[in-house]
């Protein structure tokens, strides 16, 4: 297995505050790897370190084969970074923004001309380069920011909540670009608050309070959090409320959580679920379901503080 990133016992401290507490993981080349967690979980701090912007307090880190012996300089040449806040300049044109970013990366003019055209074609940008960035829709801005982060042809691209604040259609389009990037052999590391986006990652690292509490594919995380059966219950009225209040107190119940206008109930054992189903009110419908990533997040990330 060819690895893009290897992290072992990573510790990042700011004074007496521990932002990331001895986490270990690896990322395969060509993988879409996700970080999921509440605000303050340590996701962005970890990504900033992997981009060479922060020096680890301790631990072993290799990004594209490079460590921090040189302060992260070599790492910076191999990674692209798109922050959760739009990082281009509204008062510059599309072309000026791209040229400015190329200048910061010291990309030669001939190489920049070829690469910028290639990337604009890749994202399907068909507006004039003289277009002011402030006049672009949010989705176009995010795609342009992605293109700029790839001007120096990085091996690994870090996307920190890249679709925050854009329309569902723009989000879907952006994720189609992410998949095209990995098909071309590049590695993508992404943080997101959208569960449907996280479901599209090959593997996900769940973080809470600076610690890595679970790692695996969405399906593997579901099995870890919910080893027993789960049902989705559809019903309303006083009867369903009484049933839910009773179910919560049942020995062997794992979770009773709202899921849209329905409810997800999970148990440790099949026989406990059978009892739950027998107690369902007549007006309620149910079906067996697989745990969603939202179920996993609520149980593993938020559950400790509920």
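Taken together, the residues in region 58-73 that are closer than 19 Å to residue 152 by Cβ and surrounded by fewer than 17 Cβ atoms within 10 Å (Cβ to Cβ) amount to 4. Applying the criterion of being assigned to a helix (DSSP H, G or I) and in contact with a helix residue (DSSP H, G or I) (Cβ under 6 Å, 6 or more places away or on another chain) to the residues of region 98-132, the residue that is surrounded by the most Cβ atoms within 10 Å (Cβ to Cβ) is 98. Does at least one position in region 208-215 carry a residue that is over 16 Å from residue 273 (Cβ atoms) and assigned to a helix (DSSP H, G or I)? Among the residues of region 208-215, not one is over 16 Å from residue 273 (Cβ atoms) and assigned to a helix (DSSP H, G or I), which makes the answer no.
The residues of region 176-196 that are in contact with a strand residue (DSSP E or B) (Cβ under 9 Å, 6 or more places away or on another chain) and surrounded by 14 or more Cβ atoms within 10 Å (Cβ to Cβ), listed by number, are 178, 181, 182, 186, 187, 188, 189, 190, 191, 192, 193, 195.
Look through 229, 162 and report the one residue that is crowded, with 19+ Cβ neighbours inside 10 Å and closer than 30 Å to residue 9 by Cα. Selected residue: 162, the only one of 229, 162 that is crowded, with 19+ Cβ neighbours inside 10 Å and closer than 30 Å to residue 9 by Cα. How many residues, within region 260-297, are in a helix (DSSP H, G or I), touching a residue at least 24 places away in the same chain (Cβ under 8 Å) and either out of contact with any helix residue (DSSP H, G or I) (no Cβ under 9 Å at 6 or more places or on another chain) or more than 30 Å from residue 201 (Cβ to Cβ) (or both)? Residues meeting the conditions: 6.
Coordinate-derived values only; no laboratory data. Predicted, not measured: the structure shown is a model, and the values here were computed from it. Cβ sites come from the backbone with ideal geometry, for glycine too, and all protein chains shown count toward neighbours.
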